[in-house]
Every structure is written in structure tokens, then in C-alpha cells.
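The block underneath contains the structure these notes are about, expressed in C-alpha cells.
The values are calculated or read from the model by the stated rules, or taken from the named source; none is laboratory data. Keep in mind the model is a prediction, meaning the values are calculated, not measured. Every residue, glycine as well, gets a Cβ built from its backbone with ideal geometry; the counts of neighbours run over all protein chains shown. Accessible surface areas use protein heavy atoms only, side chains included; no ligands, DNA or RNA. Shrake-Rupley method; radii C 1.70, N 1.55, O 1.52, S 1.80 Å.
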Amino acid sequence: MTFDGSQKIIGKGAQAEVFLYHGFAYKVYKQSYPVEWIAFEKQQQQAVNQAGLCPVKYYDTDDSHIIKMDLVEGETLEKSALNAPEQGFKLLAKAFRFVHAADAIDTSIPPLSATAGLMLSDEEKSQALPVIERLSQKYKSCICHLDMHFLNIMIPNNTELVADKINYTIIDWMNTRVAPPVFDYARTYVIFNEFAKDAVEFYKAAVWPDIHGLGITEEDFFEAVKVCAMLRSKEK
């Protein structure tokens with residue numbers, strides 16, 4: 001695929017750049033990025049579409065390292081949350097509840113237990129996998145985003161941030177797995193603790209009522225945090 005020069009970069013990550021081009025978003029991966037991972041990302045997005053969690057569709061191109069996507073207009077929640085942090089965290093908690101309420105029956109999204117050990121050493125597996133198994137037996141599993149944070153929630157431009165009223169779109173579903181929701185909450189805790197330690201207590205205050213409402217104990221939550229921190233360390 002060849003761009004005609006009118007493309008505009010709108011996002012950049014460790015493995016890919018995202019361009020606005022003729023009304024669509026194009027995710028352009030580094031050539032070194034495995035094509036099978038890109039194919040898996042497209043499968044994930046299709047499953048998320050089928051579950052009613054995200055309207056954004058992915059399309060094939062003639063380049064295996066480029067994905068064409070529906071454009072999500074607006075801005076990330078991060079920008080608005082700086083001016084209205086309480087509402088930002090309320091919306092984050094709302095987004096978790098929305099994802100966890102989706103029907104996970106017959107989904108093609110893989111379980112966390114099946115993929116968590118792929119990049120771990122034998123010693124790490126011996127620490128992480130028993131925790132995943134124990135918590136998976138103790139708590140009901142659901143669809144988990146596993147990368148939920150302010151940069152992965154899009155809201156309309158120039159809109160007052162009122163969590164109970166605002167429309168939003170959750171993006172970036174590559175990490176999505178079927179697992180007990182404790183791992184979703186724990187993963188976001190790890191992210192805030194890594195990049196915005198001052199926000200950790202605000203985050204806990206926003207989601208703790210839901211966590212307790214699910215019967216999740218504090219001990220189990222922090223066991224899940226250890227597992228999520230270990231898995232995240234392998235992504236860098």
C-alpha cells in the first residue's frame with residue numbers, strides 16, 4: 001500500500017504509527033512486527049465487535065503490516081480528566097462495568113489462563129499460573145479489556161466531561177482476554193502505579209466499591225496485581 005502524501009500522523013506507539021488518511025485511520029506496524037500478531041489483533045477486534053463492545057471495525061489492506069480502521073473522532077479521556085479528575089475516574093469505572101457486563105458465551109477471545117504463560121520463564125509461570133487458576137475458580141470470568149486507562153477511552157471533542165451522560169468509545173483491544181474481572185482492575189492499577197502514582201488512590205476510590213461488590217477480597221486483588229505486573233514487564 002502506498003499513501004499519496006496527504007496522510008497525517010495521529011498516534012504513535014512502540015510498534016506502530018497511526019495515520020489519518022482519506023477519512024480512515026491506518027495503523028502501520030514496523031516491518032519487524034510479526035504478521036501473526038497483527039492477524040490476532042484483527043481477530044480480537046472482530047470478537048469485540050460481535051460482543052457489542054466497540055463499533056470500530058478493522059479492514060484488510062494489500063500490506064500485511066497495515067490495518068485500515070474506522071476513525072474514532074474526538075480526544076482521549078486523559079485530556080479532559082486533567083481538568084475534571086473525579087469525572088474521569090467515574091467514567092473509567094463505568095467503562096469497566098460496561099465491558100464486564102458483555103456476553104462472553106461463545107466468544108473467540110482466548111482465556112487469560114491459556115496465554116499468560118507464553119512469554120514467562122518456568123519460574124515465573126510457577127508463580128503466576130497458580131494464581132490465575134485459583135482466582136479463575138473462585139470468581140466468575142468475563143471479557144476483560146486488560147489495558148483500560150485514560151488513553152484508551154475516546155470522548156467527543158469539546159464535550160463537558162459528565163460521566164453519567166457522556167458518550168465514549170473504548171479502543172485498543174489487543175490484550176483482551178476472558179478472565180475474572182479482578183485481573184482487569186489489577187492491570188489498570190499496575191499502569192497507574194507505573195506512570196501516575198499520584199492517581200493510584202483516586203483510581204482505587206473510583207473502582208473499589210465495584211471490586212467489593214463483586215466479592216473480590218483485597219488479598220486477591222493484590223495477588224492479581226503481582227501477576228499483572230509480571231506480565232506487563234514482558235511487554236517492554
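Could you list all residues from region 12-36 that are among the aliphatic types (A, V, I, L, M) and under 21 Å from L151 (Cα atoms)? A14, A16, V18, L20, A25, V28 - these are the residues of region 12-36 that are among the aliphatic types (A, V, I, L, M) and under 21 Å from L151 (Cα atoms). The set of residues in region 144-201 that are open to solvent by less than 40 Å² (accessible area, probe 1.4 Å), aromatic (F, W, Y) and not in a helix (DSSP H, G or I) contains only W173.
Per the listing Y185, Y203, Y189, the residue uniquely over 13 Å from the mean Cα position of the chain (by Cα) and either modelled with pLDDT of 95 or more or under 26 Å from G52 (Cα atoms) (or both) is Y203.
Results for (1) part of a strand (DSSP E or B); (2) within 21 Å of the chain's Cα centre (by Cα), shown as yes or no for each residue.
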{"site": "S6", "(1), (2)": "no, no"}
{"site": "A14", "(1), (2)": "no, yes"}
{"site": "V18", "(1), (2)": "yes, yes"}
{"site": "S32", "(1), (2)": "no, no"}
{"site": "E36", "(1), (2)": "no, yes"}
{"site": "A39", "(1), (2)": "no, yes"}
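Within the option set E78, E36, E86, being closer than 30 Å to I211 by Cα, surrounded by fewer than 16 Cβ atoms within 10 Å (Cβ to Cβ) and out of contact with any strand residue (DSSP E or B) (no Cβ under 9 Å at 6 or more places or on another chain) holds for one residue only, E86.
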